[in-house]
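**Q** Sharing a structure here in structure tokens format.
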Amino acid sequence: MTDVKRKKFTFPSAYTVILLVLLLVMILTYFMPAGKYASLQYNTDSNHFTITSPTGKTKTAPATQATLKKYNVNTSLAKFKDGSVYKPVAIPNTYRELKKAKNGVFGAVKQFLNAPIQGLAETIDIITFVLILGGIVGVVNKTGAFAAGMASLSTRLKGKEAWLIVIVTTLIALGGTTFGLAEETIAFYPILVPIFMAAGYDAIVAIAAIYLGSSIGTMASTVNPFSVVIASNTAGISFADGMGMRLVMLVLGTAICIFYTIRYAEKVKKDPSKSLIYAQKAELESHFLGDQESNEVPKFDFRKKLMLLIFAAGFVVMVFGVKEWGWMFNEISMLFLGITFILAFISGLSEGDFVGEFVTGASDLLGVALVIALARGVTIIMEQAQISDTLLFWLSNGVSHMSGVLFSTVMFFVFILLGFFIPSSSGLAVLSMPIMAPLADVVGVNRDVIISAYNWGQGIMAFITPTGLVLASLAMVHVTFDKWLKFVMPLMITIGILAIVLLGISVYL
């Protein structure tokens with residue numbers, strides 16, 4: 001008898017995970033009926049409402065509060081006119097099941113293959129930013145500025161490395177809670193991952209500080225216009241209602257994330273074999289830190305300091321632009337392209353070397369760009385199948401007879417489920433709030449409880465949902481999805497319990 005060596009199971013890459021999710025969603029569309037709510041959208045040019053029926057027929061109506069009352073949309077007209085509610089709003093009690101288009105084997109294969117391509121087209125603004133960022137990182141790495149800067153920072157933080165986790169997580173959480181800092185955090189990985197690894201931590205600590213900071217910040221949104229503000233406006237209440245409890249969630253949730261990350265980080269620092277990605281230690285250190293043992297760390301001279309200062313200033317301008325000027329990814333890409341031209345003059349590299357390193361750096365993040373496109377493809381499949389409204393209709397009927405703490409708890413899980421199918425926070429708000437908010441009146445709880453359930457449910461789902469940003473973030477640091485799940489699941493359970501308790505308290509306030 002010969003011994004047959006079993007091949008060790010390797011968890012699929014981010015691409016395969018998303019393709020499997022895409023396939024599962026496609027299968028689900030064959031079992032769930034298609035359906036739509038009618039919608040109402042304000043037209044700024046003509047100052048009227050456009051009413052779209054479930055079948056797609058449109059008509060206009062005067063832009064008055066009486067029109068909103070007629071359609072049971074409990075939102076102030078002023079919120080439409082000042083742009084606070086800018087997306088089509090679902091009209092309660094208008095759900096209609098639609099005839100599902102016949103889709104044979106050929107049609108299904110065509111849809112499966114088209115979704116990633118359409119996803120690439122629809123996310124080209126984000127992908128452009130990612131590739132430009134990769135090019136800049138390649139250039140800065142070539143000059144040795146990162147290596148010199150890391151060496152200097154490591155010396156200054158000797159014995160106080162945990163403060164890196166506190167500072168990064170807190171600052172990003174503040175960005176998340178105020179203006180929805182999320183996709184923009186992709187820019188931070190090339191800078192912060194080497195710093196965390198040089199401090200003796202692993203790559204999971206870096207992604208935890210950045211991604212958990214963004215996730216808990218957006219989950220516990222306080223004044224984020226893309227989630228809690230638009231949801232409150234659509235529900236017909238002030239976003240200040242329930243603010244106290246959301247602040248409690250922000251403070252406690254961020255503290256729990258920091259404590260959890262530091263505990264893991266210090267364990268890894270004392271014994272690297274405790275790392276969940278210990279098998280990748282040499283590979284990741286080679287990729288992010290370079291061969292520092294055999295190469296002398298470059299001198300941190302004025303040129304390198306200036307390059308890092310300009311690079312860092314770009315992020316400050318980016319955050320300000322997004323928050324104050326409403327920048328989207330086109331404007332952010334223009335900013336970093338401008339920084340690219342500035343660095344070309346001060347890097348000291350020849351024209352050929354500069355272009356070569358820029359292209360190499362961009363190619364290093366091409367995989368991340370493909371992950372973003374594939375994730376968008378999943379959302380496209382769901383939109384084309386028109387099953388999101390059907391799911392909302394079923395779930396709203398299911399919770400309409402509940403009350404009290406049971407109602408708030410179930411609503412939390414309802415929004416966790418909806419958060420998977422509708423990863424856009426603003427999209428979920430305008431679709432669900434006109435339907436779900438009136439249920440609060442029926443069961444005798446304040447509408448801000450629905451806002452918090454929406455905020456925390458769809459927010460906690462972002463920790464792991466493949467249709468969101470997590471797989472693209474993991475691809476940035478070369479960590480597989482199973483390792484992240486193993487790391488984050490205990491934290492998610494803790495945060496989830498906290499959310500349920502706070503929702504229960506909110507019911508009685």
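The values are calculated or read from the model by the stated rules, or taken from the named source; none is laboratory data. Remember, predicted model here, so these are calculated numbers, not experimental data. Don't worry about glycine lacking a Cβ; one is built from the backbone with ideal geometry, like all the others, and counts go over all protein chains shown. The protein model used for the area step is the full one, side chains on, heavy atoms only, and it has no ligands, DNA or RNA in it. Shrake-Rupley method; radii C 1.70, N 1.55, O 1.52, S 1.80 Å.
**Q** Only residues that are out of contact with any strand residue (DSSP E or B) (no Cβ under 7 Å at 6 or more places or on another chain), surrounded by fewer than 16 Cβ atoms within 10 Å (Cβ to Cβ) and not β-branched (Val, Ile, Thr): list them for the range 59-75, please.
**A** Matches in the range 59-75: Gln65, Ala66, Lys69, Lys70, Asn72.
**Q** Residues being within 17 Å of Ile172 (Cβ to Cβ), open to solvent by 50 Å² or more (accessible area, probe 1.4 Å) and either among the aromatic types (Phe, Trp, Tyr) or not in a helix (DSSP H, G or I) (or both): count how many of those fall in the range 247-274.
**A** 1
**Q** Is it true that Leu417 is among the hydrophobic types (A, V, I, L, M, F, W, C), in contact with a strand residue (DSSP E or B) (Cβ under 6 Å, 6 or more places away or on another chain) and farther than 21 Å from Glu183 by Cα?
**A** Details: among the hydrophobic types (A, V, I, L, M, F, W, C): yes; in contact with a strand residue (DSSP E or B) (Cβ under 6 Å, 6 or more places away or on another chain): no; farther than 21 Å from Glu183 by Cα: yes.
Here the answer is no, as Leu417 does not meet what is asked.
**Q** Please state which one of Phe300, Phe320 is modelled with pLDDT under 75 and over 20 Å from Ala265 (Cβ atoms).
**A** Details: Phe320 fails: modelled with pLDDT under 75.
One residue alone meets the criteria, Phe300.
**Q** Out of (1) open to solvent by less than 40 Å² (accessible area, probe 1.4 Å); (2) within 25 Å of Trp394 (Cα to Cα); (3) hydroxyl-bearing (Ser, Thr, Tyr), what's the single condition that is false for Ser84?
**A** Evaluating Ser84 over (1) open to solvent by less than 40 Å² (accessible area, probe 1.4 Å); (2) within 25 Å of Trp394 (Cα to Cα); (3) hydroxyl-bearing (Ser, Thr, Tyr) leaves (2) as the failure.
**Q** Additional query: Hey, among the residues in the range 87-138 that are more than 20 Å from Ile380 (Cα to Cα) and of a type in the set (A, V, I, L, M, F, W, C), which one's most open to solvent (accessible area, probe 1.4 Å)?
**A** The extreme case among them is Leu131.
**Q** Take the residues of the range 275-290 that are in a helix (DSSP H, G or I) and surrounded by 13 or more Cβ atoms within 10 Å (Cβ to Cβ): which is modelled with the lowest pLDDT? Before the answer, list the steps.
**A** Going through the range 275-290, the residues in a helix (DSSP H, G or I) turn out to be 278-289.
Going one step further and asking which of them are surrounded by 13 or more Cβ atoms within 10 Å (Cβ to Cβ), we end up with 278, 280-281, 284-285, 287-289.
Values: Tyr278: 89, Gln280: 87, Lys281: 85, Leu284: 84, Glu285: 81, His287: 76, Phe288: 76, Leu289: 72.
Looking at residues that are in a helix (DSSP H, G or I) and surrounded by 13 or more Cβ atoms within 10 Å (Cβ to Cβ), I get Leu289.
**Q** Looking at (1) under 29 Å from Gly468 (Cα atoms); (2) of a type outside the set (A, V, I, L, M, F, W, C); (3) open to solvent by less than 30 Å² (accessible area, probe 1.4 Å), find the lone condition where Thr52 falls short.
**A** (3)
**Q** Name every residue in the range 170-222 that is open to solvent by 20 Å² or more (accessible area, probe 1.4 Å), at pLDDT 80 or above and under 24 Å from Leu252 (Cα atoms), in order of residue number.
**A** If the condition is that a residue be open to solvent by 20 Å² or more (accessible area, probe 1.4 Å), at pLDDT 80 or above and under 24 Å from Leu252 (Cα atoms), then Thr170, Leu171, Leu174, Thr178, Thr218 are the ones that fit.
**Q** Hey, can you tell me all the residues within the range 341-366 that are surrounded by fewer than 17 Cβ atoms within 10 Å (Cβ to Cβ) and within 30 Å of the chain's Cα centre (by Cα)? Walk me through it before giving the result.
**A** The first filter runs over the range 341-366 and keeps only residues surrounded by fewer than 17 Cβ atoms within 10 Å (Cβ to Cβ), leaving 341-342, 344-346, 348, 350-353, 355-356, 359-360, 363, 366.
Phe341, Val359, Thr360, Ser363, Leu366, listed by residue number.
**Q** Does Thr390 qualify as being at pLDDT 85 or above, open to solvent by less than 20 Å² (accessible area, probe 1.4 Å) and in a helix (DSSP H, G or I)?
**A** On the way: at pLDDT 85 or above: yes; open to solvent by less than 20 Å² (accessible area, probe 1.4 Å): yes; in a helix (DSSP H, G or I): yes.
Against the criterion (at pLDDT 85 or above, open to solvent by less than 20 Å² (accessible area, probe 1.4 Å) and in a helix (DSSP H, G or I)), Thr390 qualifies.
**Q** Any chance the range 291-311 includes a residue that's touching a residue at least 60 places away in the same chain (Cβ under 8 Å), open to solvent by less than 70 Å² (accessible area, probe 1.4 Å), touching a Phe, Trp or Tyr at 6+ places or on another chain (Cβ under 9 Å) and not in a helix (DSSP H, G or I)?
**A** No, the range 291-311 has no match at all.
**Q** Hey, another quick one. Can you find even one residue in the range 410-431 that is surrounded by fewer than 22 Cβ atoms within 10 Å (Cβ to Cβ), part of a loop (DSSP other than H, G, I, E, B) and not basic (Lys, Arg)?
**A** yes
To keep it simple, each residue is scored yes or no on (1) within 31 Å of the chain's Cα centre (by Cα); (2) touching a residue at least 12 places away in the same chain (Cβ under 8 Å).
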residue	(1), (2)
Gly56	yes, no
Thr64	no, yes
Phe80	yes, yes
Phe106	no, no
Phe112	yes, yes
Ile136	yes, yes
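**Q** Quick check on this structure: which one of Gly356, Gly377, Gly352, Gly338 is part of a helix (DSSP H, G or I), at pLDDT 80 or above and in contact with a Leu (Cβ under 7 Å, 6 or more places away or on another chain)? Talk me through it step by step, then tell me what you get.
**A** On the way: Gly356 fails: in contact with a Leu (Cβ under 7 Å, 6 or more places away or on another chain); Gly352 fails: in contact with a Leu (Cβ under 7 Å, 6 or more places away or on another chain); Gly338 fails: in contact with a Leu (Cβ under 7 Å, 6 or more places away or on another chain).
Residue meeting the stated conditions: Gly377.
**Q** Is it the case, given these coordinates, that Asp448 is over 17 Å from the mean Cα position of the chain (by Cα), over 23 Å from Tyr211 (Cα atoms), crowded, with 20+ Cβ neighbours inside 10 Å and acidic (Asp, Glu)?
**A** On the way: over 17 Å from the mean Cα position of the chain (by Cα): yes; over 23 Å from Tyr211 (Cα atoms): yes; crowded, with 20+ Cβ neighbours inside 10 Å: yes; acidic (Asp, Glu): yes.
Yes: the conditions hold for Asp448.
**Q** Only one of (1) in contact (Cβ under 8 Å) with a residue 60 or more places away in the chain; (2) among the small types (Gly, Ala, Ser); (3) open to solvent by 30 Å² or more (accessible area, probe 1.4 Å) is not met by Gly398, so which one is it?
**A** (1)
**Q** Quick one: is Leu485 surrounded by fewer than 20 Cβ atoms within 10 Å (Cβ to Cβ), farther than 15 Å from Ala182 by Cα and free of Cβ contacts under 8 Å to residues at least 40 places away in the same chain? Explain how you work it out, then say what you get.
**A** Numbers: surrounded by fewer than 20 Cβ atoms within 10 Å (Cβ to Cβ): yes; farther than 15 Å from Ala182 by Cα: yes; free of Cβ contacts under 8 Å to residues at least 40 places away in the same chain: yes.
Yes, satisfied.
**Q** Kindly list, by first and then second residue, each pair from a residue in the range 226-250 that is closer than 16 Å to Asp82 by Cβ to a residue that is open to solvent by 40 Å² or more (accessible area, probe 1.4 Å), limited to pairs with Cβ atoms under 6 Å and residues at least 6 apart or on different chains.
**A** Val229/Phe239; Ser232/Phe239; Asn233/Lys79; Gly236/Asn74
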